[in-house]
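Derivation of every value follows stated rules applied to the coordinates shown; laboratory data play no part. Small disclaimer: the values here were computed from a predicted structure and weren't measured. Here Cβ is always computed from backbone atoms with ideal geometry, including for glycine, and neighbour counts include all displayed protein chains.
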Amino acid sequence: MADCANAALASVTLGTMSMFRKTNDTPHSDALLCEAEGLEALRQALSQAGESRLKVPRVYDADEQSMTLDAIASRPGNDAQMRAFGDGLAALHSVTAESSGWRNDNYIGLSPQPNRWSNDWGTFFTVDRLGFQVGLIRDGRVRQRFESVLKEQHARLVDWLNERCERPSLLHGDLWQGNVLFDGDSPWLIDPAVYQGDREADLAMTEMFGGFSPAFYDAYDRAIGITRDYRTKKAIYNLYHYLNHYNLFGGGYLGGCERGFEVIRAL
């Protein structure tokens, strides 16, 4: 997640393997356990898809205090790696499921991310993502204004999202640039906030803080397709992250929230 670090990192070497030991400096005792679960879920889904270009660091141990995982010698990604990222993310998203949500609550950056299983993606995103974050807003006038939009547009938003979600895919959940690394050979996914939902929620998050190169988006589009409603979806799905950033970091993100709610009003 942008603007905050979830934990401290220390480089360690065990035998011939280079690893990171990440220590938990969040207020949540199970943060690293949730992260380890998310990394393993991504690893399994990529394996199920037969995808080897996009990688996930292996977790060797994790508890409430620390986690040891593969070290990644990060460097800027080139076009070939960006294409591999696009193809790999498309492969991850091609593994679909029946239900939205996730089996355990986890975290989006420093914020709780409540989860449950749902056969109704539109309601899950409207209530458990947007509604939850709106409920955390400390400014009563802003909270009531946003709650009013969600209440007035609830049925329309739910139907609109359900009509445009093919089937739920496993999502990284916090896929901004800082959570994708390149090591000279491969792209790597780190720091997930996993759940299952519309695959274009992940794609939307990649654009929130500047985006990746055109090679990534072209590869993804060729592999699995970007829908004609993506531009509107992007505003709605990134509203969740703008709300979260507003709750964590303050008024600099309020404008992004306002723009997202304008899109919902216009549905």
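Charge dipole of the chain (Cα centre as origin; +1 on each Lys and Arg Cβ, -1 on each Asp and Glu Cβ, all else neutral): 560 debye, rounded to the nearest 20. If you average the C-alpha positions of segment 208-222 and of segment 47-96 separately, how far apart do those two centres end up, in angstrom? A separation of 17 Å, based on Cα centres.
Here, the chain is characterised by an Rg to Rh ratio of 0.96, where Rg is the alpha-carbon radius of gyration and Rh the Kirkwood radius. For the chain, modelled as a GNM with alpha-carbon contacts under 10 angstrom, which of CYS165, CYS34, CYS257 fluctuates the most? Looking only at CYS165, CYS34, CYS257, the largest GNM fluctuation is found for CYS165.
For a straight C-alpha distance cut-off of 23 angstrom, the lysines reachable from LYS234 (same-chain residues fewer than eight places away being disregarded) are LYS151.
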